[in-house]
Amino acid sequence: MDDSWLDLLLAGASAETIDRHRDGLLRGGADATRVDREASAVLRLKSRLDERRRRASELAALNDIAALLAGVRQPSELLPEITTQSRRLLGVDLAYIGLVRGDSVVLEVASGALTPHLRGLRAPRTAGMLGAVITRGEAIWTSDYSTESAFVHDSYDAVAAAERFQALLGVPLVVRDEVIGALFVCKRRERQFTEEEITLLSAMASHAAIAIDNAAALERYQNTAERLAAANEELARTLAWDRQLTGVVLRGGGVDGLVHEIAQAATGDIAFVDARDGVPPDLADRLPELPSLLASLLDQQPEHGFAVVPLDGGAGLARAVVAGRLVVGVMVLVGGEDTDHDRLLLDRAAPVLALAVVGERAVAEATRLSRDALVVDLLLRPEPDPAALRQRMRNAGLEPSTRYCLVAVEPGEDRQRARGEIDALGLPAGTVIAADGPRLVAVVPTGDPEALARTGRTGGRLATVTAGIAGPTTGPADFHHRYRDAVATLDALLTLGRTGTVVTADELGIYRVLLSHTGRDQLRAQLEESLGAVLREQERRSVPLLPTLKAYLDHGGRAAPAAKELGIHVNTLYQRLAVLDRLLGPTWRDAPRSLDLHMLLRVHPEQLGG
């Protein structure tokens, strides 16, 4: 072969240049057969060199694109880059990517679109050519989209018409044998896609799929890292907050100190509602839902009560303060912004506050027990030395120069509730309440026992207790005697069965002395022995014989005033007296038997109902 042919090949001459060289050789008289054979060989060689050159260029471009895609970290930057490079690589008018989102495919990005309708389009996963590529997991192409019958056309075609689709090639995006989407390129005129172009776009799609998966994984890792960072930050805040609250406790701060510390960091007002005290009226007005929440926590102690809960449409937040399984109160944030910061404060402060409440209650209980012991010792153990007695009074929280009334109380089944009822009476300042065995004793600074009794009876405030009142004291040495009177009055009330009543020693009179050592069983036995026949006759005839007997004795045996009190005619009274004569015998009207019967009727008022 002539060296000039090689020079042309090395220079990259075009086919036209090679033809002109051939014609020149023929005009110069060269052998036509040889020249034609050499020209044909040169053209074939040029074609192969061009193909290799094009392949090398495409591979280089593909490698460049792969490197570029590997450097993109955000999916929002990655997808536009893929479509742009696909258009450049295949020399097409339009490129777009659809990604699988559940049962749909969303066209995330498009390069070269004529309208805004293509980008963001959501289509069923099985719709049209897009669905065919994803379902089959293989490349599909058509030279004329509008007339293609290999797939079902649907409403997606309206957008295709607006974009003037004609030649269309789609390849799947595959990661670990899973189709995650499809990459499409489009030419707005008829075109046949070669196997080399399909292979090239498929290679592009492989790089793109891996890049998309890596970007998604990176995004997940970044999100996870952000969540871990947020969790670490919250943990740091939690530890700092715990140290801060612990510091308050170590400095000797109690419930008030902790609430003040919490309020400094919260976005609203902080209040602690002690379960023993209930919800203050002003707070109940601001948060009407709070009393019912507290009642629910105390009655049911639900598990979810240990979470921070919103109140009254976001007007406040509440967190149960729990020691073990005992709800000691509720911490409330009013008027805050309901932020995670506020919720963290309430949640972390609740256990520390619970310990403070329990500690203060323990100290208060220890103080109360000590004072109870001092008060009971003062009442039960006489002190002959006046100076020592005055000091013992002061130690018990009493003032030696003040006059006191003593109240002995039978608390019933719930001593704590009884103590609360006594506290709720609004007794004068300086009142001391102590426990004396099963009883409670109240030492009240007042000289008017009758007024104290009326206070106890008003509105049935002491419905669950029985109380005997004695006093006032005449001096420190009188405490022991007045307490014995109050206890004797209480014992007499219990013997008579008058539970739930409040009586002074003077109101009970001699009966507190007579009944101080008499039990209820003894009293009932005496009643049965003396008046049992009358009781049974009264029940059989439904005639109030016992009230008749008491009225007659109350009026000194005079018939007329007795009949008037009973509201009956005097002849009716005589008829009843005749029945009593028959049941009791003729001597019942004579002393001392009449006095015994009268006394029994006075100490057994419940029998007079007939």
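The values are calculated or read from the model by the stated rules, or taken from the named source; none is laboratory data. It should be emphasised that the depicted structure is a prediction, and the values quoted were computed from it without experimental measurement. Methodologically, a virtual Cβ is constructed for each residue, glycine included, from the backbone with ideal geometry; neighbour enumeration extends over all protein chains shown.
Among residues of the range 152-170 that are basic (Lys, Arg), those with a beta-carbon under 6 Å from a residue that is part of a loop (DSSP other than H, G, I, E, B) and modelled with pLDDT of 90 or more at least six positions away or on a different chain give the pairs ARG164/ARG188.
Summed over the range 280-293, residues that are within 20 Å of ASP342 (Cβ to Cβ) and touching a residue at least 24 places away in the same chain (Cβ under 8 Å) total 5.
One line per residue, one yes/no per condition, for (1) free of Cβ contacts under 8 Å to residues at least 24 places away in the same chain; (2) closer than 21 Å to ARG237 by Cβ; (3) under 14 Å from the mean Cα position of the chain (by Cα):
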| site | (1), (2), (3) |
| --- | --- |
| LEU317 | no, yes, yes |
| ASP338 | no, yes, yes |
| HIS341 | no, yes, no |
| ALA349 | no, yes, no |
| VAL363 | yes, no, no |
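Scanning the range 380-396 for residues that are in a helix (DSSP H, G or I) and at pLDDT 85 or above returns PRO386, ALA387, ALA388, LEU389, ARG390, GLN391, ARG392, MET393, ARG394, ASN395.
Out of the residues in the range 549-562 that are free of Cβ contacts under 8 Å to residues at least 12 places away in the same chain and farther than 20 Å from MET599 by Cβ, which is surrounded by the most Cβ atoms within 10 Å (Cβ to Cβ)? Filtering the range 549-562 for residues that are free of Cβ contacts under 8 Å to residues at least 12 places away in the same chain and farther than 20 Å from MET599 by Cβ, the one surrounded by the most Cβ atoms within 10 Å (Cβ to Cβ) comes out as PRO561.
Yes/no per residue for (1) more than 16 Å from ALA349 (Cβ to Cβ); (2) of a type in the set (A, V, I, L, M, F, W, C); (3) under 23 Å from the mean Cα position of the chain (by Cα):
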| residue | (1), (2), (3) |
| --- | --- |
| ALA203 | yes, yes, no |
| SER206 | yes, no, no |
| LEU218 | yes, yes, no |
| ASN223 | yes, no, no |
| ARG243 | no, no, no |
| THR246 | no, no, no |
| ALA275 | yes, yes, yes |
| ARG286 | yes, no, yes |
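Condition first: buried (at least 19 other Cβ atoms within 10 Å of the Cβ) and over 9 Å from ALA266 (Cβ atoms). Now tell me which residues in the range 323-347 satisfy that. Hits for the range 323-347 are VAL327, VAL328, GLY329, VAL330, MET331, VAL332, VAL334.
For the range 214-249: of the residues being of a type in the set (Asp, Glu) and closer than 30 Å to VAL174 by Cα, which is modelled with the highest pLDDT? So the residue we want is GLU226.
Residues in the range 413-434 that are small (Gly, Ala, Ser) and in contact with a strand residue (DSSP E or B) (Cβ under 8 Å, 6 or more places away or on another chain): 2 in all.
Among the candidates ALA354, ALA295, ALA284, ALA373, the residue that is closer than 30 Å to LEU389 by Cβ and in a helix (DSSP H, G or I) is uniquely ALA373. Within the range 398-450, the set of residues being free of Cβ contacts under 8 Å to residues at least 12 places away in the same chain and under 23 Å from PRO386 (Cβ atoms) comprises SER401 only.
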